[in-house]
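*Asks:* What follows is a single structure, and I will ask about it in a moment.
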Amino acid sequence: MSKNTPKAIRGTQDIFGADAEAFSFVVETFERVRKLYRFRRAEMPVFEKTEVFSRAIGETTDVVSKEMYSFEDRGGDSLTLRPEFTAGIARAYLTNGWQQHAPVKLATHGPLFRYERPQKGRYRQFHQIDAEIIGAAEPQADVELLAMADQLLKELGIEGVTLHLNTLGDGDSREAWRAALIDYFGAVRGELSEDSQERLEKNPLRILDSKDRRDQQFVADAPKIDQFLSDEAKAFFESVTSGLDAAGVKWARAESLVRGLDYYRHTAFEFIPDEGSAAADALGAQSTILGGGRYDGLMESLGGPATPAVGWAAGIERLAMLVGEKAEPLADAIVVLEDDSDFAHNQGWIALRSLREHGLSAEMIASGSPRKRYDKAVKRSPKEIVTFNATGHGFGSDPDTDPRFVAALAFLP
């Protein structure tokens, strides 16, 4: 490579080979599962007006204050590359009249952008799959979303992962809990980390998931949400947990799992690798694979009416790391030319056309010595190998009637 050749921007990646196959496998599996659950496909703009994210996510969050890619266009408007999906989906719901379809179940996937320190499984341009149910206040919506997520992980072949679940209560419950946390942590303010001292007034719930040892020594004895739950909030959470049990979704209570923004209500959840599992070895035991929650107050921050909603998102790169070689596709058939004659080539093209018309994946190997060609085919582990040479070893004008072609299709389900 020449010194003058431009390099990829830090925090971006070129995905190819087995990594690209794993990426594609995640997306294809997500598309198949979302259809099983009758989620509608949505395509969202890659950039929005900056206020969509600043109002929805919050001016004081790290995402808005430090991580967004914002720029002024030629018309003088401030635009931002989307750092997440939910805000844009909420904007679309309000501006496009999607309320007429409520409750609406939406699914999307694509690239997102955040200016943060690149690390394993995390990039400045990254990709997510996303599922939302908007306009449904019932706990059954939470159960359906979580059952969908659980099935997706199983269909991807990802094992050793547990759903961690918590409730943030309704608005009154949350406010009472928030006030108690301010009192509790305020008494030890000087012993908290600098970040948590700043969070104390703005987002005291965020202190509960701090990884700083200075904070963790106080978290265990902090007030718990269960002390402040209203009867309605208790009933909601019990409906979610009983629904998950009925749906066969295993879960564990995680009292420290929170969402700092005020519009989050009730259910908060994350799928996290179990300690000692293959997923934990690949990503780390505390890495979230898929997460989300109920955000009943978000629409109001964008000027819309109060609208119940719940959703989740998962990073495609992280899921692809866990899928690994499971996604490597195997050819249904490999066509091997034993020589370079026109006859062999023509028979090979006839075979490829017919195999593909029958819905089978197939490719032709026509380079290298005959022995190497066959060895290459064997290494690709196809279900069938078909060979051709100049001695008449080939199909007739109608390969569908050729006994050898019929035999090659015998592995069709």
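The values are calculated or read from the model by the stated rules, or taken from the named source; none is laboratory data. Predicted model only: the values in this text are computed from it and were never measured. Because the Cβ atoms are built from the backbone with ideal geometry, glycine has one as well, and the counts that use them run over all protein chains shown.
*Asks:* For the stretch 242-251, what are the residues that are touching a Ser or Thr at 6+ places or on another chain (Cβ under 9 Å) and either free of Cβ contacts under 8 Å to residues at least 24 places away in the same chain or within 15 Å of Ala268 (Cβ to Cβ) (or both)?
*Replies:* The answer is Trp251, and nothing else.
*Asks:* Would you pick out the residues in the stretch 5-44 that are surrounded by 14 or more Cβ atoms within 10 Å (Cβ to Cβ) and of a type in the set (Phe, Trp, Tyr)?
*Replies:* Phe23, Phe25, Phe30, Tyr37, Phe39
*Asks:* Would you pick out the residues in the stretch 131-147 that are over 20 Å from Gly171 (Cβ atoms) and under 19 Å from the mean Cα position of the chain (by Cα)?
*Replies:* Ala131, Glu132, Val143, Glu144, Leu145, Leu146, Ala147
Condition check ((1) in a helix (DSSP H, G or I); (2) surrounded by fewer than 14 Cβ atoms within 10 Å (Cβ to Cβ)) across all residues:
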{"position": "Phe343", "(1), (2)": "yes, no"}
{"position": "Arg353", "(1), (2)": "yes, yes"}
{"position": "Glu363", "(1), (2)": "no, no"}
{"position": "Gly368", "(1), (2)": "no, yes"}
{"position": "Ile385", "(1), (2)": "no, no"}
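*Asks:* Next up: Just checking, how many residues over the stretch 210-235 are within 26 Å of the chain's Cα centre (by Cα) and surrounded by 15 or more Cβ atoms within 10 Å (Cβ to Cβ)?
*Replies:* Total meeting the criteria: 1.
*Asks:* Okay, next question. Which condition does Val258 not pass, out of (1) surrounded by fewer than 21 Cβ atoms within 10 Å (Cβ to Cβ); (2) outside any helix (DSSP H, G or I), if it passes all the others?
*Replies:* Single failed check for Val258: (1).
*Asks:* Among the candidates Glu300, Glu317, single out the residue that is under 30 Å from Gly88 (Cα atoms), of a type in the set (D, E, K, R) and in contact with a His (Cβ under 7 Å, 6 or more places away or on another chain).
*Replies:* Glu317
*Asks:* For the subset of the stretch 1-39 comprising residues that are among the small types (Gly, Ala, Ser) and either without any contact (Cβ under 8 Å) to a residue 12 or more places away in the chain or not in a helix (DSSP H, G or I) (or both), which member is nearest to Arg122 (Cα to Cα)?
*Replies:* Across the stretch 1-39, the extreme among qualifying residues is Gly11.
*Asks:* Restricting attention to the stretch 196-208, report how many residues are assigned to a helix (DSSP H, G or I) and surrounded by 15 or more Cβ atoms within 10 Å (Cβ to Cβ).
*Replies:* Counting residues in the stretch 196-208 that are assigned to a helix (DSSP H, G or I) and surrounded by 15 or more Cβ atoms within 10 Å (Cβ to Cβ) gives 9.
*Asks:* Being polar (S, T, N, Q) and either within 27 Å of Phe23 (Cβ to Cβ) or crowded, with 19+ Cβ neighbours inside 10 Å (or both) is the filter here, so list the residues in the stretch 62-115 that pass it.
*Replies:* Result: Thr80, Thr86, Thr108.
*Asks:* Is one or more of the residues making up the stretch 175-188 out of contact with any Pro (no Cβ under 9 Å at 6 or more places or on another chain) and either surrounded by 20 or more Cβ atoms within 10 Å (Cβ to Cβ) or part of a strand (DSSP E or B) (or both)?
*Replies:* no
*Asks:* Still on this structure, I have one more. Which residues, taken from the stretch 72-97, are of a type in the set (Phe, Trp, Tyr) and modelled with pLDDT under 95?
*Replies:* Correct list: empty.
*Asks:* Moving on to the next point. Tally up the residues in the stretch 295-340 that are more than 22 Å from Glu144 (Cβ to Cβ) and assigned to a loop (DSSP other than H, G, I, E, B), please.
*Replies:* Selection size over the stretch 295-340: 12.
*Asks:* Quick check on the stretch 40-68: of everything there that is in a helix (DSSP H, G or I) and at pLDDT below 90, which residue is nearest to Ser301 (Cα to Cα)?
*Replies:* Ala56
*Asks:* Name the residues in the stretch 69-115 that are among the charged types (D, E, K, R) and either within 28 Å of Asp296 (Cβ to Cβ) or outside the structural domain of Pro45 (by TED's automatic domain parsing) (or both), would you?
*Replies:* Those that are among the charged types (D, E, K, R) and either within 28 Å of Asp296 (Cβ to Cβ) or outside the structural domain of Pro45 (by TED's automatic domain parsing) (or both): Arg82, Glu84, Arg91, Lys105, Arg114.
*Asks:* Output the qualifying pairs, or none if there are none: Cβ atoms under 8 angstrom, residues six or more apart or on different chains, first residue in the stretch 106-120 and among the basic types (Lys, Arg), second residue at pLDDT 80 or above.
*Replies:* That search, which allows pairs on different chains as well, returns Arg114/Val63; Arg114/Glu67; Arg114/Met68; Arg114/Tyr69; Arg114/Pro83; Arg114/Arg124; Arg114/Phe126; Lys120/Leu283.
*Asks:* Does the stretch 239-255 include one or more residues that are among the acidic types (Asp, Glu) and in contact with a Lys or Arg (Cβ under 6 Å, 6 or more places away or on another chain)?
*Replies:* Scanning the stretch 239-255 turns up at least one residue that is among the acidic types (Asp, Glu) and in contact with a Lys or Arg (Cβ under 6 Å, 6 or more places away or on another chain).
*Asks:* State whether the residues of the stretch 372-379 include one that is within 30 Å of Ala282 (Cβ to Cβ), surrounded by fewer than 16 Cβ atoms within 10 Å (Cβ to Cβ), modelled with pLDDT under 85 and of a type in the set (D, E, K, R).
*Replies:* No, every residue in the stretch 372-379 fails to be within 30 Å of Ala282 (Cβ to Cβ), surrounded by fewer than 16 Cβ atoms within 10 Å (Cβ to Cβ), modelled with pLDDT under 85 and of a type in the set (D, E, K, R).
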